[in-house]
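Structure, as structure tokens:
The values are calculated or read from the model by the stated rules, or taken from the named source; none is laboratory data. Predicted model, so just to flag it, every value in this text is computed and none were measured. Cβ atoms come from the backbone with ideal geometry, glycine included; neighbour counts cover every protein chain shown. Please note that ligands, DNA and RNA were not included when accessible areas were found on the heavy atoms of the full protein model with its side chains. Shrake-Rupley method; radii C 1.70, N 1.55, O 1.52, S 1.80 Å.
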Amino acid sequence: VQLQASGGGLVQAGDSLRLSCAASGRTISSYAMGWFRQAPGKEREFVAAISWSGSSTYYAASVKGRFTISRDNAKNMVYQQMNSLKPEDTAVYYCAAGYGPGGNYNSTNRYNYWGQGTQVTVSS
């Protein structure tokens, strides 16, 4: 599975962005999908995940209520709507795919494939 993240940019605090992750190579309908982020000098951290069916979603406490993950298996796409952005949301955002159901969605070890990342910068 090849993943291509896009939609990042430079915005002001309080603005919104929608990230997209386009998958190719095989259908992602059997994969859990996740978004992670990495700020300079920090470890990669979990942001959000969605089960293969889309019936379950998971969020880091820092983004819950502001970010929404969704997927369109017919289009092989995953999205992350980010509202009320804060300067601390500044990071490179990565989408990831992990085969099968269950597991620890907030662990990088859950995922087999990673995209190249898209930069999100939020100014105060």
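Observations
- Strands (runs of 3 or more DSSP E) contained in segment 1-89 and holding at least 2 residues within 21 Å of GLY100 (Cβ to Cβ): 2-6, 17-24, 31-38, 45-50, 57-59, 67-72, 77-82
- Residues (surrounded by 13 or more Cβ atoms within 10 Å (Cβ to Cβ) and without any contact (Cβ under 8 Å) to a residue 60 or more places away in the chain) located in segment 35-48: ALA39, GLU45, VAL47, ALA48
- Here segment 8-34 is the region considered, the condition is being over 15 Å from ASN83 (Cα atoms) and surrounded by 20 or more Cβ atoms within 10 Å (Cβ to Cβ), and the residue that is nearest to the chain's Cα centre (by Cα) is GLY34.
- Single condition GLY115 does not satisfy, out of (1) under 16 Å from SER24 (Cα atoms); (2) open to solvent by 30 Å² or more (accessible area, probe 1.4 Å): (2)
- The one condition from (1) open to solvent by 40 Å² or more (accessible area, probe 1.4 Å); (2) of a type in the set (A, V, I, L, M, F, W, C); (3) in contact (Cβ under 8 Å) with a residue 24 or more places away in the chain that LEU85 does not meet is (1).
- Check on ASP72, open to solvent by less than 60 Å² (accessible area, probe 1.4 Å) and farther than 13 Å from SER29 by Cα: no
- Test: ALA61 is open to solvent by 60 Å² or more (accessible area, probe 1.4 Å), without any contact (Cβ under 8 Å) to a residue 40 or more places away in the chain, among the aliphatic types (A, V, I, L, M) and under 17 Å from ALA23 (Cβ atoms): no
- Just one residue in the set SER53, SER123 is without any contact (Cβ under 8 Å) to a residue 24 or more places away in the chain and either open to solvent by 20 Å² or more (accessible area, probe 1.4 Å) or over 20 Å from ALA23 (Cα atoms) (or both); that residue is SER53.
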